Amino acid sequence: MTRYIIERIIAMFITLFIIVTIAFCVVRMMPGSVYDNPELPQSVIDALEAKAHLNEPLLVQYGYFLKGVILEGDWGTSVKIEPSVPAFDVLVKRIPVTLEINIYSLLISLPLGIIFGTIAALRKNKLADHLISVMVVICISVPSFVFASLLQYVLAFKLELFPIVYESTAVGVQRFASMALPIMALAFGPIATVTRYLRGELVETVNSEFMTLAKTKGLNQVQATVRHAFRNSCLPLTNVIIPMFTNVLGGSLVIERIFSIPGVGGIMINSINANDHPLTIAVLIFYSLVSLLTILIVDLSYGIIDPRIRLEAK
Amino acid sequence: MYIADQNNMPKIPKEKFVFVQQGTAIKDENFETKPIGFFKDAMMRFCKNKASVSAMVIILFIIFLSIFGPSFNSYGFNDQDVNRINLPPRIPVLENIGIADGTRVLTNRRVDNLDDPEKYPEGSIVEILNRRTEKNVEMCDVKINYYVYTGYDDEYFWAGTDYLGRDLWTRLCRGSRVSLMIATLAVFANILIGIIYGAIAGYYGGKVDMVMMRICEIIGAFPQVVVATLFIMFFGTGIFSIVMALIIRGWISTARLIRAQFLRFKSREYVLAARTLGVRDRALIFRHILPNSIGPIITKAMIEVPNAIFSESFLAFIGLGLQAPEPSIGVLLSDGQKVLLHYPYQTLFPALLISILMISFNLFSNGLRDAFDPTMRGID
């Protein structure tokens, strides 16, 4: 098992290295200089570029970049979005907001999805099941940014129940109120995914032998499902939930823009549009790292839950 | 053993052949029904699924609109006119019953200006709401017919106009055309690459399979957002680079599906029989094994279409969409989102369009999957 984990981690770092290399080359080959400020004289721009090693060949630049990242933890300095602040610090300041919203939306979607999925499985082919499956189709199909617009207009603007945009200075209840809409917008998809998956799993296990046994010992359908079938479906459920995190993180790129949340998604868009190359690279690395970590965790948890996969990989 | 040779068959006159059952009637009957082929069978099952059939009708209708919609009225998708910006929707028959009648409420207007024909042209005021006095000035909210107000009384913009005075109906139709085109191109390329790659990996197996699947795994580990961003940054915005950005990572799931199908079918007896007869690898792959996967391939393609439409809108939203003035659903939606609180209809129509399109495609592909593979029924 240890060897398997080490292998996967090494593979992850190799992939990360490839992505970083490609990202660095693409971003640096983009037209337009980082320092194309018309107010600065050419000599100053040249000096700035020389200081950031921009006048050297791409390979040498990449060497400097890697040296900075690995030896000094220096990811370059943001140029335009937050001038002369290290890109790493810009990122670290914003990651908590993004993570907070994403994790909250997953946290509320999990119990809701489990409840809906169990109800749908227990009332299979009855009205409740049909209603839930309509809800699932809608929630899975409609993009999160459409939900976000709808919620923003109806709940925040018309009914004035929530603030229209995120308030970064608010504290306590108000802070949660301003986070509620983005969290809701992001949660619809995961709720539907969990519901659909759990319903499928439960419906399948209903006919298995251990369920017959559970009923033989006197449990009714609901008791048997909740105590036995549900527990059996919980482990594979983790493998649906963890990859959802990457999806939610991608979706939050847009949601953050709609609700003006000062998170990572916002600086990704802004840094691309403003040619702030060091920051763009840092954000891209962050997204790659998160998605690679998710894949790693899924792989490892598969290995722990189902040892057959581990054997196959060897 | 004697093997009859076609050329040296002994000549037997026709009269010598006699039916074995001569005299007694042949008991078995002809089939009264016609044989049902794979597609017909699937078609019958598909037609029973009402949700999927209506989804298909909706999709066909949207495709029809995307092709012919722009010619329903005389406005071009890029006809800009600063005098008619942000007009609300107005539809000929519906305006009489109060929906889409081209009216808008202007808030905080001075009452004494209401009679001024310079400011409010004849007949533009529909209703005066919420009269009040603030700081000794009589104020009110006015519901006005915005078309009369701006002097476009004879025009009908069915979905209103945007911030440059462009007709939204035309832009919506053209946008759905562009989005569907991007999705179709991307899905077609993905399926094609996926079929070839997956077929080779699955058919040859062993080392070839291992290397090809490792490559898949590495490409699959690239996050979609990052790949698409880099691609569009590098090649610039446009239909081509968006399609390419969707292809880069999109073919992997198809390749995996096809590979699994090949692993399942390649050791069947009929493949062995064909191989014994000396059929070449290429014919074995494409004529004998691949046709088994036609159902999953079609289903997969239909599942990928809404994903591609979603990805395109997503890219438009983060500012990596098509270049103006070309519209796509995503571009319209992200433009509308900017003025959501003032002109909600500019978000409503693209949002409705993309939602209906996504739901329809999902229902349609569910129906197709059930039709082609009834064992999967109910596993939504």
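The numbers here are math on the coordinates, done by the rules we state, and not lab data. Because the structure is predicted, anything quoted here is derived from the model rather than measured. Every residue, glycine as well, gets a Cβ built from its backbone with ideal geometry; the counts of neighbours run over all protein chains shown.
Taking each residue of B:229-236 in turn, how many C-beta atoms of other protein chains fall within 10 Å of its C-beta, and what is the average?
What the average comes to for B:229-236 is 5.
State the Cα centre-to-centre distance between region A:109-183 and region B:320-345 in whole Å.
24
Give the cross-link partners of B:Lys338 among the lysines, using a straight C-alpha distance below 22 Å as the criterion and excluding same-chain residues fewer than 8 apart.
Filter leaves A:Lys158.
At 222 nm, what helix-only mean residue ellipticity would chain B give, in deg cm²/dmol to the nearest 500, using -39500 (n - 2.57) for each DSSP H run of four or more? Let's see the in-between values first.
On the way: 11 runs with 197 residues, N = 380.
The helix contribution divided over chain B gives -17500 deg cm²/dmol.
Which helices pass in chain B if a helix is a full DSSP H run, must span at least 18 angstrom along its long axis by Cα, and must have mean Kyte-Doolittle hydropathy not below 0.0? Before the final figure, lay out each step's value.
Values: long enough: B:50-68 (27 Å, 2.43); B:168-204 (53 Å, 1.19); B:206-221 (23 Å, 0.98); B:239-265 (38 Å, 1.23); B:294-317 (35 Å, 1.08); B:345-372 (40 Å, 1.00).
Result, helices passing both filters: B:50-68, B:168-204, B:206-221, B:239-265, B:294-317, B:345-372.
For chain A, what are the DSSP H helices with axial Cα length of 24 Å or more and mean Kyte-Doolittle hydropathy of at least 1.6? Walk me through the intermediate numbers first.
Details: long enough: A:2-28 (39 Å, 1.79); A:87-122 (51 Å, 1.51); A:172-205 (44 Å, 0.66); A:230-258 (40 Å, 0.89); A:277-305 (42 Å, 1.92).
Membrane-span-like by this rule: A:2-28, A:277-305.
Tell me the GluC sites (Glu not before Pro) within region B:88-192 that lie in a loop according to DSSP and have at most 14 other beta-carbon atoms within 10 Å. Intermediate results must be reported in sequence, preceding the final value.
On the way: sites: B:Glu95, B:Glu118, B:Glu122, B:Glu127, B:Glu134, B:Glu138, B:Glu155; in loops: B:Glu118, B:Glu122, B:Glu155.
Filter output for region B:88-192: B:Glu118, B:Glu122.
Per residue of B:331-343, how many C-beta atoms from partner chains lie within 10 Å of its own C-beta, taken as a mean? Walk me through the intermediate numbers first.
Values: counts 0, 0, 5, 4, 0, 1, 8, 1, 0, 8, 6, 1, 0.
Mean partner shielding for this stretch: 3.
Apply the Debye scattering formula to chain A, with a single equal point scatterer on each alpha-carbon and no solvent, then give log10 I(q)/I(0) at q = 0.11, 0.14 Å⁻¹.
-0.86, -1.15
Remind me, what semi-axes does region B:168-376 give for its equivalent ellipsoid, largest first in whole Å, using sqrt of 5 times each Cα gyration tensor eigenvalue?
On the way: eigenvalues 299, 73, 30 Å².
One finds semi-axes of 39, 19, 12 Å for region B:168-376.
Inverting the mean 1/r over all pairs of different Cα atoms, compute the Kirkwood radius of the protein assembly as shown and quote it in Å. Write out the running numbers ahead of the final one.
Details: mean 1/r = 0.0337 Å⁻¹.
Computed over the protein assembly as shown, the radius equals 29.6 Å.
If we sort A:280-288, B:45-53 on the protection proxy, mean other Cβ atoms within 10 Å, highest first, what's the order? Spell out each step's value before the answer.
Numbers: A:280-288: 24.6, B:45-53: 16.0.
Peptide ranking by packing, descending: A:280-288, B:45-53.
Quote the relative contact order of region B:168-376 in percent (integer), defining contacts as alpha-carbon pairs under 8 Å separated by 6+ residues. Mind dumping the intermediate values first?
Numbers: 229 pairs, mean separation 60.7, N = 209.
Contact order relative to length: 29 percent.
Classify region B:174-264 as rounded, prolate or oblate, taking a ≥ b ≥ c as the square roots of the eigenvalues of its Cα gyration tensor: rounded when a/c is under 1.5, otherwise prolate if a/b is larger than b/c and oblate if not. Let's see the in-between values first.
Numbers: a/c = 3.42, a/b = 1.77, b/c = 1.93.
The shape class here is oblate.
For a quick check of your reading of the filter: which trypsin sites (Lys or Arg not before Pro) in region B:236-298 sit in a DSSP loop and have no more than 15 other Cβ atoms within 10 Å? Write down the numbers at each step before the final one.
Working: sites: B:Arg249, B:Arg256, B:Arg259, B:Arg264, B:Lys266, B:Arg268, B:Arg275, B:Arg280, B:Arg282, B:Arg287; in loops: B:Lys266, B:Arg268, B:Arg280.
Loop-located and lightly packed - B:Arg268, B:Arg280.
Mean separation of Cα pairs under 8 Å and 6+ residues apart, divided by the residue count of chain B: what relative contact order is that in percent? Spell out each step's value before the answer.
Details: 494 pairs, mean separation 77.5, N = 380.
Relative CO of chain B lands at 20 percent.
If eta is 1.002 mPa s and T is 20 °C, what Stokes-Einstein diffusion coefficient results for region A:86-217, Kirkwood Rh from Cα pairs, in µm²/s? Working shown, then result.
Details: Rh = 17.0 Å.
For the chosen part, D equals 126 µm²/s.
If the cut-off is 17 Å between C-alpha atoms, which aspartates and glutamates fall inside it for B:Lys135, apart from same-chain ones fewer than 8 positions away?
B:Asp112
For region B:293-380, run through the trypsin sites (Lys or Arg not before Pro) and keep only the ones in DSSP coil with at most 13 other Cβ atoms within 10 Å of their Cβ. Write out the running numbers ahead of the final one.
Working: sites: B:Lys300, B:Lys338, B:Arg369, B:Arg377; in loops: B:Arg377.
Taking region B:293-380 and a limit of 13 other Cβ atoms within 10 Å, the loop trypsin sites (Lys or Arg not before Pro) found are B:Arg377.
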